[in-house]
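First the structure, in the form of structure tokens, and then the observations on it.
The values are calculated or read from the model by the stated rules, or taken from the named source; none is laboratory data. In this text the structure is predicted, and so the values were computed from the model without any measurement. Cβ: placed from backbone, ideal geometry, glycine included. Neighbour counts: every protein chain shown.
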Amino acid sequence: MSTTIRGSEKLPSLPAGPRGLLIDGKFVDAADGATMHVYNPATGEAQAEVAVGGKEDVDRAVKSARRAFEGAWRQATPSSRGKILWRVADLIEQHAEELALIETLDNGKPLAESRGDHAFAAECFRYYAGSATKIDGRHVVPSLPGEWHTYTRREPLGVVGQIVPWNFPLMLAAWKIAPALATGNTIVLKPAEQTPLSTLRLGELFLEAGLPAGVLNIVNGYGEVAGEAIAAHGGIDKVAFTGSAQTGRAILRAAAGNLKKVSLELGGKSPNVVFADADLTAAAQGSAAAIFSHMGEVCIAGSRLYVEQNVFDEVVGEIAEEAKHLKIGAGTDPDTRLGPLVSESHLDRVTGYIEEGVASGARPLTGGKRFGDRGYFVEPTVLVDVEPDSRVVREEIFGPVLVARPFKDPAELAFEANNTRYGLAAGVWTRDLSKAHRVAAAMQAGMVFINTYGAIDPALPFGGFKESGWGRELGPEALDQYTEAKTVVVAL
Ligand code: NAD
């Protein structure tokens with residue numbers, strides 16, 4: 001019997017928008033005319049046809065970006081760069097509902113989450129709009145004999161390649177575009193092939209905001225073709241990538257040709273720790289949100305839960321209850337809390353992990369399988385009785401699947417929490433301040449959240465230890481990722 005997915009019978013139609021590649025200030029067809037379908041993950045049906053770029057298109061985009069870097073963008077004052085970023089933030093807000101609908105139809109996430117992502121994107125553009133006029137160097141006094149005037153300058157890298165994943169399409173594009181443009185670089189950006197639509201619309205808003213042709217080029221395309229062409233291109237000075245660790249390695253290899261700079265935001269398997277002295281209701285709710293929001297397709301998801309043994313059943317039981325009541329449906333239905341996963345292959349991957357975990361002895365307190373038979377929905381799942389060495393505990397599932405383990409001793413906890421090749425984020429729930437800060441210091445993670453989980457802001461650096469990445473996005477740190485330091489030494 002076919003299950004009707006709430007809200008998927010009468011989906012709103014996809015707003016019109018650009019479907020070509022943005023190269024040199026115009027939306028154009030791919031050089032070879034290739035196109036691809038974009039699917040609605042709530043139904044599995046094709047909803048748009050977009051151009052799909054290859055090596056030649058990346059090359060055209062790089063040439064255009066280079067001309068813009070040497071020309072219009074180099075002549076633009078910091079203030080005028082900042083003004084364009086600010087205008088784009090305003091335009092995102094003016095088109096908030098349209099952009100949210102595009103994102104939800106393309107990625108699947110509930111409309112409220114798309115709206116939140118885009119509000120963050122607008123704030124990110126505003127944050128870096130303010131930075132454009134504050135890129136400066138230092139006057140340095142050397143101890144050499146004689147008289148000197150020495151100073152440093154911070155200069156843009158040139159043409160940067162940016163490769164974005166499908167889980168936060170417009171927001172993660174904003175994290176990359178904003179600091180790169182604020183510092184005077186030009187861009188060739190590739191959205192994920194599953195979710196190009198909001199990024200293409202963003203490109204159109206940039207043109208409306210007055211961005212000169214060629215400063216931002218958007219080449220939709222497959223990772224192994226357009227992505228690889230960006231990573232390998234000799235005319236690109238840096239590549240910034242967000243995605244899986246496996247692709248991160250492929251990008252590093254491709255980037256070795258011209259030794260371009262590389263920054264990587266990769267995956268995670270982040271530990272979230274609840275001590276018995278925490279506000280347990282807040283901890284259970286926060287821990288549920290840490291894994292179930294955005295369908296768990298979040299690199300910083302709190303996907304490994306460690307709860308002090310004497311409150312384990314209570315906390316994990318509450319999280320499972322919360323999961324049972326999450327409304328699953330099309331993201332366009334206002335009551336939906338959990339939308340579909342992004343694609344059929346991702347659904348297979350996530351359900352495959354759950355099945356393997358259960359086969360190896362894990363017990364689902366709730367969830368455990370696909371939801372319905374149309375679209376790519378999966379039940380929010382809580383697994384207990386999991387072995388520390390099992391794949392569900394060690395590998396990133398990237399779906400609404402929580403693995404929970406009890407702990408007794410804080411030293412043993414720190415060892416287990418850090419016993420992973422990843423190091424993106426960690427959560428700690430306790431009322432004991434000293435304990436909170438001690439555990440925060442012990443966690444090998446780029447971000448530690450205490451009595452909250454996943455709070456992000458444009459001013460706060462974001463990135464990972466160990467195999468979770470190289471470099472940081474957001475905050476002033478991102479400006480360093482898009483500039484070179486030049487030292488000027490003058491003998492007076
Ligand atoms: P993915 O690495 O396959 O794809 C991400 C992007 O890389 C896409 O645009 C894709 O087209 C491109 N790509 C794929 N192969 C490529 C290649 N050989 N050369 C160049 N580009 C290539 O990742 P995915 O499976 O689509 O996305 C989920 C993964 O991304 C998860 O592992 C998740 O943890 C990670 N992620 C990390 C962050 C972060 O900030 N650290 C954020 C979002 C997602």
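A few points about this structure:
- Here Thr242 does not fit the description of being of a type in the set (Val, Ile, Thr) and surrounded by fewer than 24 Cβ atoms within 10 Å (Cβ to Cβ).
- When residues of the range 218-234 are limited to those that are surrounded by fewer than 24 Cβ atoms within 10 Å (Cβ to Cβ) and assigned to a loop (DSSP other than H, G, I, E, B), the one nearest to the ligand (Cβ to nearest atom): Tyr222
- Hits in the range 177-199 - residues which are more than 12 Å from Val215 (Cβ to Cβ) and assigned to a strand (DSSP E or B): Lys190
- The range 177-217 - residue that is within 17 Å of Ile102 (Cα to Cα) and of a type in the set (A, V, I, L, M) and, of those, surrounded by the fewest Cβ atoms within 10 Å (Cβ to Cβ): Leu205
- Conditions (1) more than 11 Å from the ligand (Cβ to nearest atom); (2) farther than 30 Å from Lys435 by Cα; (3) part of a helix (DSSP H, G or I): number failed by Val262: (3)
- Count of residues meeting criterion [more than 16 Å from the ligand (Cβ to nearest atom), small (Gly, Ala, Ser) and closer than 17 Å to Ile23 by Cβ] in the range 181-214: 2
Every residue, every condition in (1) on the phi > 0 side of the Ramachandran plot; (2) out of contact with any helix residue (DSSP H, G or I) (no Cβ under 6 Å at 6 or more places or on another chain); (3) in the same structural domain as His294 (by TED's automatic domain parsing), yes or no:
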residue: Ile177; (1), (2), (3): no, yes, no
residue: Thr195; (1), (2), (3): no, no, no
residue: Leu200; (1), (2), (3): no, yes, no
residue: Asn220; (1), (2), (3): no, yes, no
residue: Glu224; (1), (2), (3): no, yes, no
residue: Gly243; (1), (2), (3): yes, yes, no
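- Of the helices (runs of 4 or more DSSP H) lying entirely inside the range 46-119, the ones with 1 or more residues being closer than 30 Å to Thr336 by Cβ and in contact with a His (Cβ under 7 Å, 6 or more places away or on another chain) are found at 78-94, 96-107.
- Scope the range 267-285; condition of a type in the set (Gly, Ala, Ser) and more than 30 Å from Gln246 (Cα to Cα); matching residues: Ala276, Ala278, Ala282, Ala283, Ala284
- Residue within the range 360-377 that is within 25 Å of Pro169 (Cα to Cα), surrounded by fewer than 22 Cβ atoms within 10 Å (Cβ to Cβ) and of a type in the set (Ser, Thr, Tyr) present: no
- Just one of the numbered conditions (1) in a loop (DSSP other than H, G, I, E, B); (2) surrounded by fewer than 17 Cβ atoms within 10 Å (Cβ to Cβ); (3) within 11 Å of the ligand (Cβ to nearest atom); (4) not β-branched (Val, Ile, Thr) is not true of Lys269: (2).
- Any hit, the range 416-431, residues being among the charged types (D, E, K, R) and touching a Gly at 6+ places or on another chain (Cβ under 9 Å): no
- Residue check for Leu105: of a type outside the set (D, E, K, R) and within 16 Å of Leu172 (Cβ to Cβ): no
Conditions tested, residue by residue: (1) surrounded by fewer than 23 Cβ atoms within 10 Å (Cβ to Cβ); (2) under 21 Å from Leu202 (Cα atoms); (3) in contact with a Cys (Cβ under 6 Å, 6 or more places away or on another chain).
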{"position": "Asp106", "(1), (2), (3)": "no, yes, no"}
{"position": "Pro110", "(1), (2), (3)": "no, yes, no"}
{"position": "Gly116", "(1), (2), (3)": "yes, yes, no"}
{"position": "Arg126", "(1), (2), (3)": "yes, yes, no"}
{"position": "Thr133", "(1), (2), (3)": "yes, no, no"}
{"position": "Arg138", "(1), (2), (3)": "yes, no, no"}
{"position": "Val141", "(1), (2), (3)": "yes, no, no"}
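- Every pair of residues 6+ apart whose Cβ atoms lie under 7 Å, when the first sits in the range 292-310 and is aromatic (Phe, Trp, Tyr) while the second is assigned to a helix (DSSP H, G or I): Phe292/Ala323; Tyr306/Leu413; Tyr306/Glu416; Tyr306/Ala417
- Listed conditions (1) surrounded by fewer than 19 Cβ atoms within 10 Å (Cβ to Cβ); (2) touching a residue at least 12 places away in the same chain (Cβ under 8 Å); (3) in a loop (DSSP other than H, G, I, E, B) are all met by Ala455, apart from (2).
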